[in-house]
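Beneath this line is the structure, given in structure tokens, with notes to follow.
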Amino acid sequence: MIRFVAETGSTNSDLAAQVRAGETVPEGHWLVTDRQFAGRGRQARNWFDSTGNFMGSTLVRISPRDPGPATLALVAAVAAYEAVAALLAEPAKLRLKWPNDLMLDGAKLSGILLEREGDAIIVGMGVNLAAAPDLPDRKTASLADYGPAPDRDMFAHLLVAAFARELDRWRTFGLEPLARRWESVAHPVGTPLVVQPPGEERIEGAFGGLTPDGALSLRLADGSTRVIHAGDVMLQNEES
């Protein structure tokens, strides 16, 4: 079920408030807004707000039987990839970057933010359908740069269906098949990356694939490997 609203502060915050208040928010429920004035991205960035773009959130009720909750970032990324690829004349231009950025011709097309509230993981997603932000530190793109902007409501239904499929596969088959699918549509192994781990200096290396728990394997120049569980990751040619 999708609930559309004209404006809100943050779809993530709205769902979190409902969970804290003890309201029943079932899996499969999505909150999608035309505008949000207090949206948040990863690393405390503001979430770009533009009419015609997709901005929405859902939640997943986690249990001990599920794969690690952090790997829902991969679920969301693959779902976003599937929804967007269905609309592109040249889907080969679309790639994933760890953990959940969707890149179009090397430019950032979407953002995903996971936040925990009790036994729920709230998944917020933004996709640049009609317009992209002008950011000082990275290239950005929108689907409108490659043709007519898709209808937001139509895209919402594509994304909701894709997320439901990937979530079911994650629960049914575990992380390994999801990780293989993620790697198959990501930038190739060996791609130069720049990583900013929390509280550390930037690290340069090459993409070495995913670890068994879905972390980033970064090959360093000295031949060693660094496992990245959190941090800001950029392609070396991504910066403006």
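The values are calculated or read from the model by the stated rules, or taken from the named source; none is laboratory data. The structure displayed is predicted, hence computed values, not measured ones. So basically every Cβ, Gly included, is an ideal-geometry build from the backbone, and we count neighbours across all protein chains shown. We work out accessible area using only protein heavy atoms, side chains counted, and drop any ligands, DNA or RNA first. Shrake-Rupley method; radii C 1.70, N 1.55, O 1.52, S 1.80 Å.
Here is how the numbers come out for the structure above:
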{"read-out": "Cβ-Cβ under 9 Å pairs, at least 6 apart or on other chains, segment 129-145 side in contact (Cβ under 8 Å) with a residue 60 or more places away in the chain, far side among the β-branched types (Val, Ile, Thr) and in a loop (DSSP other than H, G, I, E, B)", "value": "Ala130/Thr51; Ala131/Thr51"}
{"read-out": "Which listed residue, of Ala230, Ala162, Ala215, Ala156, is within 16 Å of the chain's Cα centre (by Cα), more than 22 Å from Gly106 (Cβ to Cβ) and modelled with pLDDT under 95", "value": "Ala230"}
{"read-out": "Where Ala186 falls short, out of the listed (1) more than 16 Å from Ala107 (Cβ to Cβ); (2) within 18 Å of the chain's Cα centre (by Cα)", "value": "(1)"}
{"read-out": "Set Asp101, Asp14, Asp49: member being more than 30 Å from Glu176 (Cα to Cα) and either at pLDDT 95 or above or buried (at least 20 other Cβ atoms within 10 Å of the Cβ) (or both)", "value": "Asp14"}
{"read-out": "Tally, over segment 86-117, of residues that are in a loop (DSSP other than H, G, I, E, B) and over 18 Å from Pro148 (Cβ atoms)", "value": "4"}
{"read-out": "Matching residues, segment 181-240, being assigned to a strand (DSSP E or B), in contact with a helix residue (DSSP H, G or I) (Cβ under 8 Å, 6 or more places away or on another chain) and either surrounded by fewer than 19 Cβ atoms within 10 Å (Cβ to Cβ) or of a type in the set (Phe, Trp, Tyr) (or both)", "value": "Gly209, Asp232"}
{"read-out": "Condition broken by Pro64, with the remaining ones in (1) closer than 28 Å to Gln18 by Cα; (2) modelled with pLDDT of 95 or more; (3) open to solvent by 10 Å² or more (accessible area, probe 1.4 Å) satisfied", "value": "(2)"}
{"read-out": "Test: residue in segment 124-134 that is in contact with a Leu (Cβ under 9 Å, 6 or more places away or on another chain) and farther than 19 Å from Thr11 by Cβ", "value": "yes"}
{"read-out": "Hey, Ala130 surrounded by fewer than 22 Cβ atoms within 10 Å (Cβ to Cβ), in contact with a Ser or Thr (Cβ under 8 Å, 6 or more places away or on another chain) and either assigned to a loop (DSSP other than H, G, I, E, B) or modelled with pLDDT under 95 (or both) or not", "value": "yes"}
